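The values are calculated or read from the model by the stated rules, or taken from the named source; none is laboratory data. Only a predicted model underlies this, so the values are computations on that prediction, with no experimental measurement involved. We place every Cβ from the backbone using ideal geometry, glycine too, and count neighbours over all the protein chains shown. The area values use the complete protein model at the heavy-atom level, side chains included, leaving out ligands, DNA and RNA. Shrake-Rupley method; radii C 1.70, N 1.55, O 1.52, S 1.80 Å.
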Amino acid sequence: MKHIERRTLIGAGLATAVAGRTAFAQTFPTKQIRWIIPFAPGGNYDVTSRLVSEPMARQLGQGILIDNKPGAGGVVGLELAHNAPADGYTIVMASFTVGYVAPIFAGKKEMLSLFAPVGILTTVPMVVVTRADSRFADMKSLLAEAKAKPGTVSIGHAGNGTTNHVAILRLQLNENIKFNVIPYRGSGPGIADLLAGNIDCYTDQLTSSMPHIKSGKLRPLGTLGLDRIPDLPNVPTLADLGLKPFDGSTTAGVFTHADTPKAVIARLNEGVVAGLKDETASKRLRELGAIVRPSTPEQFTVALKADQENVSELLRLGLLKPE
């Protein structure tokens, strides 16, 4: 009899807990949401998050606080997001490389499994840019000097383990060249250093470089992708240059704590999708060269697995490891 009573009490307790989570999810959100950007202001993640967060906040009926927390290729921001309660009120923008590769470079375990995908935001082409007055007139001249003088041509990226960094490693491996690779705490500081003349070139997501390209301050040398960029039709792909092609684009989206109730994740996804479908936000993202990709959490999971396959060779060769 005592066993029956104990099982009944446990069952009642579980039912109460489930009912509580369901009620919480149905009323979510009732307060401001914190959106962590694990990079400095001015980069692709920052620009995208700010554009999407405003219409997303309108759809959810609560404010969204943008909180830039750069460091360690995105790991600092990820740790803050993971240490927050699993209630959906803290979300973070990230990609496969930020969640999986960057922690490895920081001497930690991968962190992607600590988070639940909410939805894809965008896929953004990767470009190599230099100053308008640079000695490099095109991609071929850049690669030729990097090959003739290994380690002398400086190239920046948004942080160790980021998509930008992975693209440089892939380019070096494929073309048997060596750059002087310099990490930054996001594309904002990196592009500022490039414009100041402190580095030779920079590997960047198009969204953060496009305004400087349009203003004439930066010259795009090539796209590290499989297709030409519609808004930059004269910028060659690697294949156009007779080089080994690879897809260096960045697919990024929103994550939250892995233990967040599924109903809350579904509600967050509704907000993300609404933000991406907002006419003003989507138009601006397209103008910056991004491919807007509203998705379900399940579709985001599939995309993350594809990204893992893309970097598996670099991991196997030991190129993606703490420096």
Quick one: is ASP133 open to solvent by 40 Å² or more (accessible area, probe 1.4 Å) and of a type outside the set (A, V, I, L, M)? yes
Please list, ordered by first then second residue, the pairs with beta carbon atoms under 8 Å, 6 or more apart or interchain, first in region 131-147 and within 15 Å of LEU171 (Cβ to Cβ), second open to solvent by less than 50 Å² (accessible area, probe 1.4 Å) and assigned to a helix (DSSP H, G or I). PHE136/LEU142; PHE136/GLU145; LEU143/GLU175; LYS147/GLU175
Which residue is modelled with the lowest pLDDT, if the candidates are limited to region 277-312 and must be open to solvent by 30 Å² or more (accessible area, probe 1.4 Å) and of a type in the set (Ser, Thr, Tyr)? SER312
Open to solvent by 10 Å² or more (accessible area, probe 1.4 Å) and more than 26 Å from GLN62 (Cβ to Cβ), is that true of TYR100? yes
Can you name the number of the only condition in (1) under 30 Å from PRO211 (Cα atoms); (2) without any contact (Cβ under 8 Å) to a residue 12 or more places away in the chain that LYS305 fails? (1)
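Per-residue answers, yes or no, for (1) open to solvent by 20 Å² or more (accessible area, probe 1.4 Å); (2) at pLDDT 95 or above; (3) not polar (S, T, N, Q); (4) not in a helix (DSSP H, G or I):
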{"residue": "ASP67", "(1), (2), (3), (4)": "yes, yes, yes, yes"}
{"residue": "VAL76", "(1), (2), (3), (4)": "yes, yes, yes, no"}
{"residue": "HIS82", "(1), (2), (3), (4)": "yes, yes, yes, no"}
{"residue": "GLY88", "(1), (2), (3), (4)": "no, yes, yes, yes"}
{"residue": "GLY107", "(1), (2), (3), (4)": "yes, no, yes, yes"}
{"residue": "GLU110", "(1), (2), (3), (4)": "yes, no, yes, yes"}
{"residue": "PRO117", "(1), (2), (3), (4)": "yes, yes, yes, yes"}
{"residue": "LEU121", "(1), (2), (3), (4)": "no, yes, yes, yes"}
{"residue": "VAL128", "(1), (2), (3), (4)": "no, yes, yes, yes"}
Name the single residue that is farthest from the chain's Cα centre (by Cα) among those in region 151-205 being aromatic (Phe, Trp, Tyr) and part of a loop (DSSP other than H, G, I, E, B). PHE179
GLY222 being assigned to a strand (DSSP E or B), touching a residue at least 24 places away in the same chain (Cβ under 8 Å) and of a type in the set (Gly, Ala, Ser): yes
What is the one condition in (1) open to solvent by 40 Å² or more (accessible area, probe 1.4 Å); (2) in a helix (DSSP H, G or I); (3) in contact with a strand residue (DSSP E or B) (Cβ under 8 Å, 6 or more places away or on another chain) that LYS147 does not satisfy? (3)
For MET111, work out the one condition from (1) in contact with a Pro (Cβ under 8 Å, 6 or more places away or on another chain); (2) within 25 Å of ALA290 (Cα to Cα) it doesn't fulfil. (2)
Take the residues of region 195-235 that are open to solvent by less than 40 Å² (accessible area, probe 1.4 Å) and of a type in the set (D, E, K, R): which is modelled with the lowest pLDDT? ASP204
For region 182-212, which residues satisfy the criterion of being among the aliphatic types (A, V, I, L, M), in contact with a Leu (Cβ under 7 Å, 6 or more places away or on another chain) and farther than 14 Å from HIS157 by Cα? MET210
Test each condition in (1) open to solvent by 20 Å² or more (accessible area, probe 1.4 Å); (2) among the aliphatic types (A, V, I, L, M); (3) under 20 Å from PRO189 (Cβ atoms) for ALA94 and report the one that comes out false. (1)
Taking ARG293 as the residue in question, decide whether it is under 17 Å from SER95 (Cβ atoms), in contact (Cβ under 8 Å) with a residue 24 or more places away in the chain and either in contact with a Leu (Cβ under 9 Å, 6 or more places away or on another chain) or polar (S, T, N, Q) (or both). yes
Mind listing whichever residues of region 33-65 are farther than 23 Å from GLU110 by Cβ and part of a strand (DSSP E or B)? ILE33, ARG34, ILE64, LEU65
